[in-house]
Amino acid sequence: MSPGAIAATGTYSGLTAISNADTVTIAAGSTLSGASYTQSAGTTTNAGTLTTSGALTINGGTLTTTGTVN
């Protein structure tokens, strides 16, 4: 996934494997969901909802959340 932000009330769903090595921001009121989420570097900042039906793997970087992780 390229650096990006999901704006409030935005939803990205139905994704397969999500990989992050840069910057992902999930705003309050928004949702990012997929089959799995892998972070190898960079940052994920979650104030909304991050949902996976499979593994959530952090191999490097940081995951900061004030929102919901399912």
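Since every read-out is calculated from the coordinates, none of them should be taken as a lab result. Remember, predicted model here, so these are calculated numbers, not experimental data. We place every Cβ from the backbone using ideal geometry, glycine too, and count neighbours over all the protein chains shown.
Most tightly packed first, judged by the mean number of other beta-carbon atoms within 10 Å of their residues, the peptides 13-26, 49-62, 31-44 read 31-44, 13-26, 49-62. Computed on the chain, with alpha-carbon pairs under 8 angstrom and 6+ residues apart, the relative contact order is 28 percent.
Ellipsoid fit via the Cα gyration tensor, the chain: semi-axes of 16, 13, 11 Å, each the root of five times an eigenvalue, largest first.
Stretching the chain fully between Thr57 and Asp22 yields a gain of 11.1 nm (0.36 nm per residue, less the alpha carbon separation).
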